[in-house]
Amino acid sequence: MTTVRLSRGLCAVVGEVVRGSHATLDSLFQASGAPGPPPSLSHPSKWKEWLFRAGQDPSVDSLSVLGNILEEFMDVAPQENSEGFSEWKANRDRVVKTLEESGFRYYRGGRVLPTGQKPEETFLPSANSTAPSPEKPTKIGDLLETLLKGLRRAMHPLTHRRKGAQALSFSMEYDVQDLLHALLRPWVADIRPEEFTPSYAGSSTRMDFLLPKYKLVIELKFVRDGNHARKIGDELIVDIDHYRRHPDCNELWCVVFDQDHLLPNAEGLKSDLEGARTTKDGTINIRIFVL
């Protein structure tokens, strides 16, 4: 484990340049390996403090956490003629300078290393290395949480491919569903996409993914625009009423992919819908993930 103290100045700069709602950045920091629950602070103090904790925790690879958090910001540039390009470049240069002042250097792909250390060294352990391998999830909930929270990071090498290879885009709901399906297949033998629910209020709907062995359904919503963002909660409420009637659905995991940060109140959406919901049709446990 490479626990390196991260200065408060460095953490402050990172906290100022990363953008997104609390729910979006909570997911990013958790998927990046930041320790413990999120601090109860406002932007950007929350991200500064959370990152600083990573450099104090002996069980955390703090440089890995830092690199994972910075990867998308550092590697994905806005269009050069866009309104936000100049600001992004200035912030990126600021991060590079602050890293150098702290004795670090950023390498593409989310790698932050001490100055003078080559990136290849992090991927070429010696034959007698005793570094532990990542633990494999043993419960379906642990697996799904890892895959869902890491979904955006899984997109990165597909949208930023090697020279000459066509980059993939994730511009519609089916794109994200297909990626999630591919990530699930090595782990779950029986995945039933687009199975219909029993009729409710004169209509039925199709589930995105039913995992019958675990009596669990995954529903993915892709936020298309601001108007759709305001309707997501109502759509999920209708879906919940449908899914509750299915005999193989005891749990519903709702994934809201909000790449443009259009949801007006992601935390409110989670607090309103998460938990057990019971009617005469049965009980269903709801999890909400906003990416």
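Compared with the dominant principal axis of the Cα atoms in the chain, helix 173-184 is inclined by about 80°.
For the chain, the extents of the C-alpha atoms along the principal axes are 65, 50, 44 Å, listed from largest to smallest. Against the longest alpha carbon principal axis of the chain, how many degrees, from 0 to 90 and to the nearest 10, is the axis of helix 85-101 turned? Computed tilt is about 50 degrees. Of all aspartates and glutamates in the structure, the ones whose alpha carbon falls short of 15 Å from that of K213, not counting any fewer than 8 places away in one chain, are D190, E195, D248, E251.
Going from the fewest other Cβ atoms within 10 Å to the most, the residues Y214, Y174, Y243, Y106 appear in the order Y174, Y214, Y106, Y243. Of K46/K89; K149/K221; K149/K270; K231/K270, which sit over 21 Å apart, Cα to Cα? From K46/K89; K149/K221; K149/K270; K231/K270, over 21 Å: K46/K89.
Rounded if a/c is under 1.5, else prolate if a/b beats b/c, else oblate: with a ≥ b ≥ c from the C-alpha gyration tensor eigenvalues square-rooted, which is the stretch 8-129? Since a/c reaches 1.5 but b/c is at least a/b, the shape of the stretch 8-129 is classed as oblate. Translational diffusion coefficient, Stokes-Einstein: compute it for the stretch 141-290 using the Kirkwood radius over C-alpha pairs as Rh, at 4 °C and 1.567 mPa s, and state it as an integer in µm² s⁻¹. Translational D for this selection: 80 µm²/s.
When each of M74, M172 is scored by the number of other beta-carbon atoms lying within 10 Å, the sequence from fewest to most is M172, M74. Positive end of the dipole of the chain (Cβ unit charges, origin at the Cα centre): among V238, A12, L147, the Cα lying farthest that way belongs to A12. Of all DSSP-defined beta bridges confined to the chain, some 55% are antiparallel rather than parallel. In this Cβ point-charge picture (+1 for Lys and Arg, -1 for Asp and Glu), the chain has a dipole of about 540 debye about its Cα centre.
Comparing E251, E100, E87 in a Gaussian network model of the chain, where Cα atoms under 10 Å apart are tied by springs, the biggest mean-square fluctuation is seen for E87. Top mean-square fluctuation among A266, A31, A182, Gaussian network model of the chain, C-alpha springs under 10 Å? Largest GNM mean-square fluctuation: A182. Counted residue by residue at 0.36 nm each, then reduced by the alpha carbon distance between them, the extension gain from K213 to N81 reaches 42.5 nm.
Just so you know, all these numbers are worked out from the coordinates, no wet-lab data involved. Since we're looking at a predicted model, the values are computed, not measured. Because the Cβ atoms are built from the backbone with ideal geometry, glycine has one as well, and the counts that use them run over all protein chains shown.
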